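See structure below.
What follows draws every value from the coordinates through simple rules; no lab data is involved. Remember, it's a predicted structure, so these values are computed and weren't measured experimentally. Reconstructed Cβ throughout: ideal geometry from the backbone, glycine too, with neighbour counts over all protein chains shown.
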Amino acid sequence: MASTCVTCVRDVLARCLLFGLVFLVFAIISGGWVAESPTWAPYFDFTGVQLTWMLVGYGFVAAVLPVWLLLAPRDYLSTFLKIGTIVGLAVGILIMRPTLTMPALTKFVDGTGPVWTGNLFPFLFITIACGAVSGFHALISSGTTPKMLANEGQACFIGYGGMLMESFVAIMALVSACIIDPGVYFAMNSPMAVLAPAGTADVVASAAQVVSSWGFAITPDTLHQIANEVGEQSIISRAGGAPTLAVGMAYILHGALGGMMDVAFWYHFAILFEALFILTAVDAGTRAARFMLQDLLGVVSPGLKRTDSLPANLLATALCVLAWGYFLHQGVVDPLGGINTLWPLFGIANQMLAGMALMLCAVVLFKMKRQRYAWVALVPTAWLLICTLTAGWQKAFSPDTKIGFLAIANKFQAMIDSGDIPAQYTQSQLAQLVFNNRLDAGLTIFFMVVVVVLALFSIKTALAALKEDKPTAKETPYEAMPENVEEIVAQAKGAH
């Protein structure tokens, strides 16, 4: 009977996967038709603020609904797409054997480049670390993932295997970016203010001229051609990494499959592939934040700590989505673009989370009397803290107006005070830039204080554990998973 049920479930999952793949391809193709339709296109053309509220609404609903209703089936199907796409990209690279056109080093190694500014140390390690270590994954693996495991034996394959795939994605992204013509890369990733100042009549021609002056020859015709091939009106200043990866993936997959589907199809397929990572971060991240916030609110009111309480869930989820929704909105309305406001915080915060998670791992080892293994966590912790605290200090307090948040804010504030406002800005836009940079500085300082305080408490706890003769780590009692619906119902009745 059990084997028959397992077979039925597998058949249903296979059909769902097949239908999902078919409708995915249809959605991408029909999306092009809709975009070209003067009747339907306006219904799907949303402003940044509208998209912000849509994401906030989605994050709220996804975090409140039971895991089995949305997250589990959605992530199950999307996992096949993610792994299949990245493995397909790797195979495509082996087939195409593209030339890496990006030089190993450019003149921007001095940290004065248009894409990012600052010394190689620490910013290089903040930039690339997401493919090696990620604090966000520590949050998810501590709250959401354990609830989906049948037994602890699956943790290694899912957790370690997932991070190996994350690193694999990072390598594929690096290859995809490096096969793009350097001139195209810098045209896509440099700020618009650098490529084409306000009032420029021909943005593409200006961008081509500026990038060529850096030693990476590119023509306006080439930029127009690539934009047409990927189905976009322009590729100028499409910063953030996602469009760059999508362009590289599109040409690799298009060539490896012998021209099957046009480049525009594969470009938008790649964008959708990347969106799956973002949606997962939104809903799973909000859910993890909700759990932690409920624990915190439970100190004030024990009823708010109950995860089975709908009012408590709704309150904590609303607070979480409003918090990250506020920062998303601030990025959307930022005159320089949200990527310039939010992205500098991401690398620092993500790696700080990783350092904090490793510190806690080390403390647990000390409390379990397994301190001889603590170096496994402490060595990467030391490097992460050195990099992130150095980067955080520079981003907050550097006098360089291309690096320090406070320096940038003071520069714009001086423009407002003197009345010398550049033509490309209004006074309200400069005020917005001042506020956003001061907010970034405040958050960066807060992150650093939290990390330092946690490090001090970790040292104190570890030293106290060393003085004890027996392990001091405590574990919640083992509870067997219910085997069937009847047991679940019985446990629910017993709880009430």
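Can you give the percent of C-alpha pairs in the stretch 71-148 whose distance is more than 20 Å? Pairs farther apart than 20 Å: 62 percent.
In a fully extended conformation the segment linking residue 224 and residue 117 would gain 35.7 nm over its present Cα-Cα distance, using 0.36 nm per residue. Taking Cα atoms only, the orientation of helix 2-36 departs from the longest principal axis of the chain by about 20 degrees. Annotation for residue 456 and residue 420: the two label points, set 7 Å from Cα along the Cα-Cβ direction, are 4.3 nm apart. The slack in the chain from residue 435 to residue 151, taken as 0.36 nm per residue of separation less the alpha-carbon distance, amounts to 97.4 nm. With the highest mean first, a sort of the peptides 167-173, 187-193 on other beta-carbon atoms found within 10 angstrom per residue produces 187-193, 167-173. Working note: 222 nm ellipticity from helices only, DSSP H runs with n ≥ 4, each -39,500 (n - 2.57), summed and divided by the residues of the chain, gives -23500 deg cm²/dmol to the nearest 500. Note on the stretch 158-315: Rg/Rh from C-alpha atoms, Kirkwood Rh, equals 1.17. Normalising by the residue count of the chain, find the relative contact order in percent from Cα pairs under 8 Å and 6+ residues apart. Across the chain, relative contact order equals 16 percent. Of the two radii for the stretch 254-323, the radius of gyration is 1.37 times the Kirkwood radius, both from the alpha carbons; that is the Rg over Rh value. Calculation over all alpha carbon pairs of the stretch 94-186 in 5 angstrom steps from 0 returns a P(r) of 2, 11, 15, 17, 16, 12, 10, 8, 6, 2, 0 percent. Here 290, 15 are placed in order of increasing Cβ neighbour count within 10 Å, fewest first, which gives 15, 290. In this rough spin-label picture, where each label sits 7 Å from Cα along the Cβ direction, the residue 475-residue 205 distance is 7.2 nm. Model label sites at residue 364 and residue 278, defined 7 Å from Cα along the beta-carbon direction, differ in position by 3.3 nm.
Rounded to the nearest 20 debye, the dipole size of the chain about its Cα centre is 1460 debye, using +1 on the Cβ of Lys and Arg and -1 on the Cβ of Asp and Glu.
Checked against a 20 Å cut-off, the cross-linked pairs 147/367; 395/460; 107/402; 305/460 give Cα-Cα distances beyond that limit for 147/367; 395/460; 305/460. Peptide packing for 405-415, 137-147, 42-52, 245-255 was compared via the average number of neighbouring C-beta atoms within 10 Å per residue; ordered from the highest value, the list is 245-255, 405-415, 137-147, 42-52.
Arranged from fewest to most other beta-carbon atoms within 10 Å of their beta carbon, 85, 219 become 219, 85. For the pair residue 67 and residue 463, the difference between a 0.36 nm per residue extended length and the Cα-Cα distance amounts to 138.6 nm. Ranked by the mean number of other Cβ atoms within 10 Å of their residues, highest first, the peptides 354-363, 75-84 fall in the order 354-363, 75-84. If R0 equals 56 Å, the separation of the Cβ atoms of residue 309 and residue 212 corresponds to a calculated FRET efficiency of about 0.35. By the count of other C-beta atoms within 10 Å, a proxy for reagent exposure, 102, 148 are ordered fewest to most as 148, 102. With the Kirkwood sum run over all distinct C-alpha pairs, the stretch 407-454 has a hydrodynamic radius of 11.8 Å.
Rounded to the nearest 0.05, the FRET efficiency derived from the C-beta distance between residue 58 and residue 35 at R0 = 25 Å is 0.70.
Computing semi-axes √(5λ) of the Cα gyration tensor in Å directly from the structure and comparing it against [x] 40, 31, 24; [y] 50, 27, 22; [z] 32, 31, 24 singles out [x].
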